[in-house]
Amino acid sequence: GEHGIGHVQRRYLPIAQTEAEISFQRRLKTALDPLGIFNPGKLLPD
């Protein structure tokens, strides 16, 4: 993976990672940030 992919390169995330990896990241973010207040929509689109 790449550090600091951020919102500029977010469209390339499906090329760099599998759907399973992206899904895991979504679940982890939801677990750590259930209210969605930490950088909403930056890496993982809402």
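The values are calculated or read from the model by the stated rules, or taken from the named source; none is laboratory data. Remember, it's a predicted structure, so these values are computed and weren't measured experimentally. When we count neighbours, we look across all protein chains shown, and the Cβ atoms used for this are built from the backbone with ideal geometry, even at glycine.
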Practice task
Considering each residue of the stretch 28-46, count those that are over 9 Å from the mean Cα position of the chain (by Cα) and surrounded by 10 or more Cβ atoms within 10 Å (Cβ to Cβ), and give that number.
Solution key: 6
Practice task
Consider Gly4 carefully, then state whether it is in a loop (DSSP other than H, G, I, E, B), at positive phi and either touching a strand residue (DSSP E or B) at 6+ places or on another chain (Cβ under 7 Å) or at pLDDT below 75 (or both).
Solution key: yes
Exercise for the section: Under 8 Å between Cβ atoms, at least 6 apart or on separate chains: pull out the pairs that start in the stretch 10-34 with a residue that is part of a helix (DSSP H, G or I) and charged (D, E, K, R) and end on any residue that is exposed (fewer than 11 other Cβ atoms within 10 Å of the Cβ) and at pLDDT below 90. Expected result: Lys29/Phe38
